[in-house]
1. Can you find, within the range 221-274, the residue that is farthest from residue 317 (Cα to Cα) among those that are open to solvent by 20 Å² or more (accessible area, probe 1.4 Å) and of a type in the set (Ser, Thr, Tyr)?
2. Has the range 183-195 got any residue that is aromatic (Phe, Trp, Tyr) and either part of a loop (DSSP other than H, G, I, E, B) or open to solvent by less than 40 Å² (accessible area, probe 1.4 Å) (or both)?
3. Can you name the residue in the range 210-220 that is open to solvent by 40 Å² or more (accessible area, probe 1.4 Å) and in a loop (DSSP other than H, G, I, E, B) and is also farthest from residue 65 (Cα to Cα) among such residues?
4. Of the residues in the range 146-166, how many are assigned to a strand (DSSP E or B), within 12 Å of residue 186 (Cβ to Cβ) and open to solvent by 10 Å² or more (accessible area, probe 1.4 Å)?
5. Select from the range 282-324 the residues that are without any contact (Cβ under 8 Å) to a residue 60 or more places away in the chain and in contact with a Phe, Trp or Tyr (Cβ under 7 Å, 6 or more places away or on another chain) and write down the one among them that is nearest to residue 177 (Cα to Cα).
6. Just to check your reading of the model, which residue among 210, 204, 194, 215 is at pLDDT below 95 and of a type outside the set (Asp, Glu)?
7. Hey, residue 169 hits all of (1) at pLDDT below 95; (2) within 27 Å of residue 278 (Cβ to Cβ); (3) open to solvent by less than 70 Å² (accessible area, probe 1.4 Å) but one; which does it fall short on?
8. So which residues in the range 158-205 are within 19 Å of residue 340 (Cβ to Cβ), without any contact (Cβ under 8 Å) to a residue 40 or more places away in the chain and of a type in the set (A, V, I, L, M, F, W, C), if there are any at all?
Amino acid sequence: MQSKVLLIYTGGTIGMNRNPKTGALEPFDFEHLLSRVPELEQFQTEIATYQFQPPIDSSDMSPELWCQLAHIIADRYDDYDGFVVLHGTDTMAYTASALSFMLQNLTKPVIFTGSQLPIGQLRTDGKENLITSIEMAASKHQDGTAMVPEVGIYFNGHLLRGNRTTKQSADEFNAFESFNHPHLADAGVTITYHEELIHRPDYHKPMLPHFRLDHNVIIFSLFPGIREDLIRHIIATPNLRSIVMRTFGSGNAPQSPWLLSALKEGYRRGKVVVNISQCLQGRVEMGRYDTGYQLQEAGVISGRDSTVEAAVTKLMFLNAKYDNPDMVRKLMNQSLCGEITI
């Protein structure tokens, strides 16, 4: 039976054209984009399309648009075997992370892709990214179940778990990497799926979509010389519910009494503070050094080997579901859909 894939165009470089007057990249018609990829006609897959109007620059992506995207997929979930989302690269890892939490018990592929060069340019990476993403979204096991039933990002020959991925380069075609998790698949002459790494849902249960996010969350990075008044001001923000605190190395912070005092005050006010390393690879281990242990004593919880993108979107998801900060803290230390290593 022929597979059916829905191709969702949100915007991004892949669908842009260069303005002959200004030289700047600007969106152009989605049908024009498809006309640049005649190879799509060779697919044994039925491809339908959906276009955001107007196209979204990924710098303008928002939780409201994530909810819209989740609705688009959920409303058409039974009609398609897989979904490919064309998205700008700058915030793709945030959107993919958010969707991984919002589409609970996902049983079909949702593959994000895009390009570093517009699809109309001679050396574009967009064609291969798009063609292989569609092939992956349509691929099934012999029993009819999806080969990749999770949210992924496909770029430059590699399929990565969406909530493990970070943009690593603004210039290279190899724009994304999942530093703390192996690739789900690698595409060369053939596509090699690493099935032991791919998440397996419960096929006896339906996909359960969630459409609420609470984005009273902030990210801040520690650095030598960080000011007490600014940190206290952030922690005292009335509606702020959660903080992603980017620390040094394996989760260390300055041993300043004022910082520990401020974090303890945040804990007393019911704010959830998650410790994420500024390093791209590795994990937070707050018991390794005394500085990390003191953070733990101040009520800070470990983000383990989470990306910043996954931590902030997971907090938005959990804050919308639970009013109790202790429940949010508990679930931040559980893997909901493969976003952290337990």
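The values are calculated or read from the model by the stated rules, or taken from the named source; none is laboratory data. Just so you know, these numbers come straight off a predicted model, no measurement behind them. As a convention, Cβ positions derive from the backbone with ideal geometry for all residues, glycine included, and neighbour counts pool all protein chains shown. Heavy atoms of the whole protein, side chains included, go into the accessibility calculation; ligands, DNA and RNA do not. Shrake-Rupley method; radii C 1.70, N 1.55, O 1.52, S 1.80 Å.
1. Residue satisfying both the conditions and the ranking: 256.
2. Within the range 183-195 (the criterion being aromatic (Phe, Trp, Tyr) and either part of a loop (DSSP other than H, G, I, E, B) or open to solvent by less than 40 Å² (accessible area, probe 1.4 Å) (or both)), the answer is no, since none of the residues qualifies.
3. Initial filter on the range 210-220 (open to solvent by 40 Å² or more (accessible area, probe 1.4 Å)): 211-212, 215-216, 218-219.
Of the ones still in play, those that are also in a loop (DSSP other than H, G, I, E, B) are 211-212, 215-216.
Details: 211: 10, 212: 11, 215: 13, 216: 16 Å.
That would be 216.
4. The number of residues fulfilling the criteria is 1.
5. That would be 286.
6. Details: 210 fails: at pLDDT below 95; 194 fails: at pLDDT below 95; 215 fails: at pLDDT below 95.
Within the list 210, 204, 194, 215, the selection yields 204.
7. Result: residue 169 passes all but (1).
8. 160, 184, 197
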